[in-house]
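**Q** This is the structure I have questions about; it appears just below.
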Amino acid sequence: LALAPVIAPPASVDGFVKQFLANLNFDQGVSLSASDANDQYLALAGTVRDYLMARWLEDQTRQREQQAKTVCYLSAEYLLGKQLDNNLLAARLGEIATEALAQCGISMDDMREVEVEPGLGNGGLGRLAACFIDSLATMSVPTIGYGIRYEYGIFRQTFVDGEQVEQPDAWLQMGSPWEFPHPEAAQTISFGGRTETYDDKGVTRTRWIPDWNVLAVPYNMMVPGYHNGRVNTLRLWRAVATNAFDLRIFNSGDYEESVRAQTFAENISKVLYPEDSTPQGKELRLQQQYFFVAASINDFLDNVLLEGFDLNNLPDRVIFQLNDTHPVIAVPELMRVLVDERGMEWEDAWAITQKCFAYTCHTLLPEALEVWSVDLLGRLLPRHLEIIYRINDEFLDEVRERFGDDMMRIRNMSIIGEHPYRSVRMAYLATVAGAKVNGVAELHSQLLRDKVLHEFAEMYPDKFTNVTNGVTPRRFIRLANPSLASLITEALGAGWTVDLERLRGLEALAEDPEFRERFAAVKAANKRHLSDVLQRRDGVTIDDSHLLDVMVKRLHEYKRQTLKVLHIVTEYERIISGTVAAADIQPRTFIFGAKAAPGYAMAKRIIHLINSVASVVNNDPRVEGSLKVVFPPNYNVTLAESIIPAADLSEQISLAGKEASGTGNMKLALNGALTIGTDDGANVEIRQLVGDDNFFLFGMTEPEVEALWAKGYKPADFYQADPQLRAAMDLIASGEFSGGDRTVFEPIVSNLLYDDRFMVLADYASYIEAQAQVDLAYADQDAWTRSAILNIARCGFFSSDRSMRDYLDRIWHARPLL
Ligand code: 26Q
């Protein structure tokens, strides 16, 4: 191997100290005595990077020389979380670095505090991408994660009088030590203009004459495998104005306009869109999508393949995995490059394209299926629109051939929709173009086949498959819950971190009273740790004698945070009305974490309601010591890492048939929380694995939901019929939680009474009954602990390592490069 001379600093405390001080002096330009915590953090990150660098460069060379099939994961979001601990762990540098810092008089905890997490995603989908690239690196699979280097990630949430106020997330402000810009590898990305045909030696060809462009500059991040010496690459693109673009306007003499043009170009990677469903068809969003996808595909073709590579063999070298429809514009882009730029025949290019893409769907909500108006798409990407039309024409010919001239079917399956305006249905394009289409949990994949995409499943039965989501045990057990990790390692050896099915070994220990006692001690310590974190962060505490009831996820009506609120209000009402004595109930602390999309008014109102209920309940001496509601602002990966290990009860209460999978449910179960949940998403599989005795099931099944809709759902009937529900709703409507003002939460109440799309009232009684079972179960602490241990023991399936094996076997047909 022709390697550049790279120096791996010696892995000793002395070596680390030397390298750290060198970085502090030469990279940060400060002496130790003059340095502040941020300087020290940047130098520390630099030192960790230095240790990983030789491996990274080696892997890049190996992957290039061996021409192994590469997984190109295309995702508009990566919700990475903090990097320092993760990279120290992967490189086995934790102890050395801690000791080295101590010798310099610096505490590692201070360094952890200084780091700002890159929040380059909204929620589940972005975090899934981060778990997947961790697992792929750990399994030595050649992978490039491609995405966008947003200058501002998901907004920072604050509460003002209980209402959400968004602040920009300036995550780059204090320096960004984990990324490497590569301006020399920039791609030029074009937009707008028109197309024309021309004669190329007797063959009519098409070319695109765009009218503006931007530079896509890659920023590489290391993705180290856990203890395997491998480092993959996450390549995020930043938009920068091109010189040519500047110059043209500049030469026209309009300096101010040229600066404005620069701002315009650089807007493309400025900010993450904070919507995660029902997105509006905003032009800038489409620019973002095409920008990162065109840069990624052309990067792979230009820079990753060896020169002279025969593109007919592309499917042997790459699979582009589409993380939802956000990168689907990659399909016509690859066609354009192959046909217009590389001179390939359409048929050959299409055969290749259909082998190079696979599509993962993450939703079941019809309003979340992405469409782009033909108008907008044609203006921004005229050549791509032509290509989409041709793909659709040929696809619809195939449909006719197969099913006859069935107008209804043609209209339903067309990639171009006509109502309410002419638009491109991105999920259909992805389904037609992809070699495989997968859902993210068994139930979800079934519903995709039977409902959302059933006509496509009929036409291409073999395309459809399932890969149930997973989460990385490195971040969400080993790092987030070090005490549990030690307990497991002591019991089972260290192998579980990369072979999570080994957790099965804990089943026997669940029967061991001493092990249960030690587990209970870990849980209590995690609650105290959470309390410390919340005290420092928000000035609130939690009591480790309380049952900790956790609902953390984006705020969405389908996820039904309002059902959780109704439960809390019911408990509160029962106490203050004297129906039950405070002393007779199981003390609970309810903890919420949730951001609402800034434009989602109902979601924001629900946040206001939760905060208002919290403030009344927490200040009422009648329930003091019995009920507490905590809603720390700005739930993110970092806070998740403190909340999840402390949880007793995991709230997974979406309406059946709405949550594609969920992944918080997996993280919580793997940290020994018991789930109260509906038969939805991956809850179904969690319950199958942990057993009915260790799971609190409630609510309608998906077919029951359908049946109730069909028969005509009247939420007010449920209100009328249930005195407990009436009492809770009436208390909210009375203004009890809004200083007597009945108007504040009226929209929530009337929505529940007269619309209730997500059938909160229909599932209320069943939920309250299940919560009573929770209280009973928690009263027997030892039995609860046994169930918690069994949850962990039986959830090894939910490692993202297993998800990656499934993708490799069923979709990618790629292999580890050992
Ligand atoms: C699309 C277009 C314009 C602007 C924004 C968006 C957009 C952004 C993010 C649409 C959707 C998302 C995110 C969706 C998401 O997180 N879905 C979740 O994915 C998880 C991983 O598969 C599942 O576990 C969850 O069930 C699913 O809700």
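**Q** Report the residue count in the stretch 362-377 for those that are assigned to a loop (DSSP other than H, G, I, E, B) and in contact with a Gly (Cβ under 8 Å, 6 or more places away or on another chain).
**A** Final tally of qualifying residues: 2.
Yes or no, residue by residue, for (1) more than 16 Å from the ligand (Cβ to nearest atom); (2) assigned by TED's automatic domain parsing to the domain that holds Tyr558; (3) over 20 Å from Ala524 (Cβ atoms); (4) buried (at least 20 other Cβ atoms within 10 Å of the Cβ):
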{"residue": "Ser612", "(1), (2), (3), (4)": "yes, yes, yes, yes"}
{"residue": "Asn618", "(1), (2), (3), (4)": "yes, yes, yes, no"}
{"residue": "Val630", "(1), (2), (3), (4)": "yes, yes, no, yes"}
{"residue": "Glu651", "(1), (2), (3), (4)": "no, yes, yes, yes"}
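**Q** Looking at the stretch 47-125, what helices (runs of 4 or more DSSP H) fall wholly within it and have at least 2 residues that are small (Gly, Ala, Ser) and closer than 17 Å to Val13 by Cα?
**A** In the stretch 47-125, 94-103 are the helices (runs of 4 or more DSSP H) which contain 2 or more residues that are small (Gly, Ala, Ser) and closer than 17 Å to Val13 by Cα.
**Q** Val293 fails exactly one of the following numbered conditions: (1) more than 21 Å from the chain's Cα centre (by Cα); (2) within 14 Å of the ligand (Cβ to nearest atom); (3) of a type in the set (A, V, I, L, M, F, W, C). What is the number of that condition?
**A** (1)
**Q** Would you mind finding the one in Ile144, Ile133 that is within 28 Å of Tyr359 (Cα to Cα), assigned to a helix (DSSP H, G or I) and not charged (D, E, K, R)?
**A** Ile133
**Q** Exactly one of these conditions fails for Leu32: (1) more than 16 Å from the ligand (Cβ to nearest atom); (2) surrounded by 18 or more Cβ atoms within 10 Å (Cβ to Cβ); (3) farther than 26 Å from Arg317 by Cβ. Give me its number.
**A** With respect to (1) more than 16 Å from the ligand (Cβ to nearest atom); (2) surrounded by 18 or more Cβ atoms within 10 Å (Cβ to Cβ); (3) farther than 26 Å from Arg317 by Cβ, Leu32 is out only on (2).
**Q** Now a separate question. Examine the stretch 308-320 for a residue that is touching a residue at least 12 places away in the same chain (Cβ under 8 Å), within 15 Å of the ligand (Cβ to nearest atom) and closer than 25 Å to His813 by Cα, and state whether such a residue exists.
**A** No, every residue in the stretch 308-320 fails to be touching a residue at least 12 places away in the same chain (Cβ under 8 Å), within 15 Å of the ligand (Cβ to nearest atom) and closer than 25 Å to His813 by Cα.
**Q** Yes or no: the stretch 277-288 includes at least one residue that is surrounded by 17 or more Cβ atoms within 10 Å (Cβ to Cβ) and under 19 Å from Ile387 (Cα atoms).
**A** Looking for residues that are surrounded by 17 or more Cβ atoms within 10 Å (Cβ to Cβ) and under 19 Å from Ile387 (Cα atoms), one finds at least one in the stretch 277-288, hence yes.
**Q** Turning to a different aspect of this structure: Just to be sure before I move on: is Asp299 within 16 Å of the ligand (Cβ to nearest atom) and out of contact with any Asp or Glu (no Cβ under 6 Å at 6 or more places or on another chain) in the structure I sent?
**A** So Asp299 fails the test.
**Q** Residues that are closer than 20 Å to Ala261 by Cα, at least 1 per element: which strands (runs of 3 or more DSSP E) completely within the stretch 183-235 meet that?
**A** 187-191, 203-209, 212-224
**Q** When Met459 is evaluated against the numbered criteria (1) surrounded by 20 or more Cβ atoms within 10 Å (Cβ to Cβ); (2) more than 13 Å from the ligand (Cβ to nearest atom); (3) touching a residue at least 60 places away in the same chain (Cβ under 8 Å), which criterion, by number, is the only one it fails?
**A** (1)
**Q** Would you check if there is a residue in the stretch 528-544 being hydrophobic (A, V, I, L, M, F, W, C) and farther than 23 Å from Val637 by Cβ?
**A** no
**Q** Scan the stretch 147-189 for residues that are surrounded by 18 or more Cβ atoms within 10 Å (Cβ to Cβ) and either farther than 24 Å from Pro118 by Cα or assigned by TED's automatic domain parsing to the domain that holds Lys595 (or both) and report the count.
**A** Residues flagged as surrounded by 18 or more Cβ atoms within 10 Å (Cβ to Cβ) and either farther than 24 Å from Pro118 by Cα or assigned by TED's automatic domain parsing to the domain that holds Lys595 (or both) within the stretch 147-189 amount to 2.
**Q** Right, here's the next one. Mind checking which residues of the stretch 449-473 are aliphatic (A, V, I, L, M) and either touching a Pro at 6+ places or on another chain (Cβ under 9 Å) or within 30 Å of His227 (Cα to Cα) (or both)?
**A** Matches in the stretch 449-473: Val452, Val467, Val471.
**Q** Just give me the residues in the stretch 330-360 being within 16 Å of the ligand (Cβ to nearest atom), among the polar types (S, T, N, Q) and assigned to a helix (DSSP H, G or I), in sequence order.
**A** Those that are within 16 Å of the ligand (Cβ to nearest atom), among the polar types (S, T, N, Q) and assigned to a helix (DSSP H, G or I): none in the stretch 330-360.
**Q** Of everything in the stretch 558-597, what is surrounded by fewer than 21 Cβ atoms within 10 Å (Cβ to Cβ) and within 16 Å of the ligand (Cβ to nearest atom)? Give them in sequence order.
**A** Tyr558
**Q** Name the residue that is nearest to the ligand (Cβ to nearest atom), counting only residues in the stretch 415-440 that are in a loop (DSSP other than H, G, I, E, B) and closer than 16 Å to Thr325 by Cα.
**A** Restricting to residues being in a loop (DSSP other than H, G, I, E, B) and closer than 16 Å to Thr325 by Cα, the top hit is Val440.
**Q** Suppose we filter the stretch 661-685 for residues that are more than 12 Å from the ligand (Cβ to nearest atom), among the aliphatic types (A, V, I, L, M) and out of contact with any Cys (no Cβ under 7 Å at 6 or more places or on another chain); how many remain?
**A** Counting residues in the stretch 661-685 that are more than 12 Å from the ligand (Cβ to nearest atom), among the aliphatic types (A, V, I, L, M) and out of contact with any Cys (no Cβ under 7 Å at 6 or more places or on another chain) gives 5.
**Q** Wholly within the stretch 468-538, which helices (runs of 4 or more DSSP H) include no fewer than the required count, namely at least 3 residues that are surrounded by fewer than 22 Cβ atoms within 10 Å (Cβ to Cβ) and touching a residue at least 40 places away in the same chain (Cβ under 8 Å)?
**A** Because the criterion is at least 3 residues that are surrounded by fewer than 22 Cβ atoms within 10 Å (Cβ to Cβ) and touching a residue at least 40 places away in the same chain (Cβ under 8 Å), the helices (runs of 4 or more DSSP H) in the stretch 468-538 that meet it are 513-538.
**Q** Tell me which of these Glu641 doesn't satisfy, since it passes every other one: (1) within 13 Å of the ligand (Cβ to nearest atom); (2) more than 17 Å from Trp784 (Cβ to Cβ).
**A** Just one mismatch for Glu641, condition (1).
**Q** Do the conditions hold for Ala76, that is, is it among the hydrophobic types (A, V, I, L, M, F, W, C) and within 16 Å of the ligand (Cβ to nearest atom)?
**A** Judged against the criteria, Ala76 is a match.
**Q** Keeping to the stretch 252-290, report how many residues are within 16 Å of Leu380 (Cβ to Cβ), more than 19 Å from the chain's Cα centre (by Cα) and either modelled with pLDDT of 95 or more or near the ligand (Cβ under 9 Å from one of its atoms) (or both).
**A** Result for the stretch 252-290: 10.
The values are calculated or read from the model by the stated rules, or taken from the named source; none is laboratory data. For clarity, every value in this text was computed on a predicted model and none was experimentally measured. Cβ: placed from backbone, ideal geometry, glycine included. Neighbour counts: every protein chain shown.
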